[in-house]
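Each remark here refers to the structure printed beneath this line.
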2 protein chains.
Amino acid sequence: MNREQALEMVRQQLPIKRYEHTIRVMETALDLAEHYQLDLKKVELAAIFHDYAKYRDAKELKRWIIQEQLPQDLLDYHQELWHGPVAAKMLEKEIGICDPEIQSAIYWHTTGKQHMSQMDKVIFIADYIEPGRSFPGVEEVRQVVYDDIDKACWMAARNTIIFLISKNQSIYPDTFQLYNEGLGRNLNAE
Amino acid sequence: MNREQALEMVRQQLPIKRYEHTIRVMETALDLAEHYQLDLKKVELAAIFHDYAKYRDAKELKRWIIQEQLPQDLLDYHQELWHGPVAAKMLEKEIGICDPEIQSAIYWHTTGKQHMSQMDKVIFIADYIEPGRSFPGVEEVRQVVYDDIDKACWMAARNTIIFLISKNQSIYPDTFQLYNEGLGRNLNAE
């Protein structure tokens, strides 16, 4: 599947603003993939399809989580966390792409997790820093991402936890584990 | 074992400031135990012995964690988290008290966890709010603890996470599970 075919499939699923976000994530992810010498074709597809399921109805997402035996604890957390894992499954069932590296990067793009692959990290952080984003602290993440993508992912997880706590929202365990993982690394480096 | 015997055992283990903290935790815990109609004798012992292991050498605490097959992931976290689980074991091996309710309250007094017993909650929160404490937010916790001890524990976990993140310190999984648990409860109540 070439870029235009993939983009057209996604364009049909998303409002224009979200489609434009997808284009920016793709461009950011490709820059990072080139820098970190990853498979550009796989990164491109993962970026294009990362939000494929984001505008599906919550009931449909829930049905996928149950029927595809995704982790059922997802249902205890905010539905914002459901579209990544479901899109990874939809990629296989609706699009016919079943590459585990691409699916993993899409699966984890919202929460992050510890022990991410380089491709997981690129999609996770490209989604966080694409030029349309203006979260508090995002500029500092942009400044380190080409030198230390692990630190960038840790900073993003930290910022996300601070934001969620300030809003009294629950935090998915994998996001916390990503935060703790980064500290372990830093502590050991001291 | 009566109160004086228990206090004397603890007094020999702790610097005077920490012993005075222990007295205040005991008094606070007994007030809460009376209010929530718990077993006063058990709460008294749990409070008295909660910091029993706090001034043991880190190497000794580590040895106990390994030899007593406590969760080995404790060793990946700050040693401040080790003295509760170790004290629960020492209570049995050095003092001869093997009451599971008392041991549980001592075990979890630093990190908290989801699904705490009422006695766990009383020791956890008494340690947090005793009159010598002056954490940011502690006064708000004191104001709710006699009306809603679950909310008080959640607020303490939330404050602790905010503090730890501000210091770039790792967060033990059970503490953020306690935070998430409280939100689940609140969300369901809406």
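The values are calculated or read from the model by the stated rules, or taken from the named source; none is laboratory data. These numbers come from a predicted model, not from an experiment. Backbone-built Cβ (ideal geometry, glycine too); neighbour counts: all protein chains shown. Calculation scope for accessible area: heavy atoms of the full protein, side chains included, ligands and nucleic acids excluded. Shrake-Rupley method; radii C 1.70, N 1.55, O 1.52, S 1.80 Å.
The A-B contact accounts for roughly 1400 square angstrom of buried accessible surface, both chains included, probe 1.4 angstrom. Taking label positions 7 Å along the Cα-Cβ direction at both A:Gln67 and A:Asp39, the computed distance is 2.8 nm, reported to one decimal. Comparing A:Leu45, A:Leu70, A:Leu61 in a Gaussian network model of chain A (Cα springs below 10 Å), the most mobile by mean-square fluctuation is A:Leu70. Highest mobility in the GNM of chain B, judged by mean-square fluctuation with C-alpha springs under 10 Å and restricted to B:Trp108, B:Trp154, B:Trp64, is found for B:Trp64. Per atom type, region B:37-175 shows carbon and sulfur on 49% of its accessible surface, probed at 1.4 Å. Quick one: net charge around A:Lys41, please, counting Lys, Arg +1 and Asp, Glu -1 for every other residue with C-beta under 14 Å from its C-beta. Result for the local shell: -4.
In order along region A:60-70, phi translates into HN-Hα couplings of 5, 4, 4, 4, 4, 4, 6, 5, 8, 6, 6 Hz, rounded to whole numbers, per the Karplus curve 6.51 cos²θ - 1.76 cosθ + 1.60 with θ = phi - 60° and x for Gly and Pro. Take every pair of alpha-carbon atoms less than 8 Å apart whose residues are at least six positions apart; their mean separation over the length of chain B yields a relative contact order of 19 percent. In this simple spin-label approximation, A:Ala58 and B:Ile16 carry label points 7 Å from Cα along the Cα→Cβ vector, and these lie 5.9 nm apart.
With a cut-off of 17 Å on the backbone N, the residues of region B:105-129 near the modelled label site 7 Å out from A:Asp76 along Cα-Cβ are B:112-117. Inter-copy label distances for A:Asp76: 1.9 nm (label point placed 7 Å from Cα along Cα→Cβ; shortest first). Note on B:Gln5/A:Gln114: beta-carbon distance plugged into 1/(1 + (r/R0)^6) with R0 of 30 Å gives a FRET efficiency of 0.05. For A:Ser166, the point set 7 Å out from Cα toward Cβ sits 1.4 nm from its twins in the other copies, listed from shortest up.
Go through A:Lys17/A:Lys93; A:Lys59/A:Lys167; A:Lys59/A:Lys89; A:Lys41/A:Lys151; A:Lys113/B:Lys151 and tell me which ones have a Cα-Cα distance over 19 Å in this structure. Among A:Lys17/A:Lys93; A:Lys59/A:Lys167; A:Lys59/A:Lys89; A:Lys41/A:Lys151; A:Lys113/B:Lys151, the Cα-Cα distance tops 19 Å for A:Lys17/A:Lys93; A:Lys59/A:Lys167; A:Lys41/A:Lys151; A:Lys113/B:Lys151.
Within the assembled protein chains, the solvent-accessible surface assigned to B:Thr28 is about 20 Å², based on a 1.4 Å probe. Summarising the rotation from chain B to chain A, the nearest chain B beta-carbon to the axis and its distance in Å are given as B:Phe176, 3. Here the Gaussian network model covers chain B, with springs between Cα atoms less than 10 Å apart; of B:Gln13, B:Gln114, B:Gln69, B:Gln69 fluctuates the most. Across the copies of the chain, B:Glu60 has label points (7 Å from Cα along Cα→Cβ) spaced 6.3 nm apart, shortest distance listed first. Averaged over its residues, the protein assembly as shown has an accessible area of 48 Å² per residue, based on protein heavy atoms and a 1.4 Å probe.
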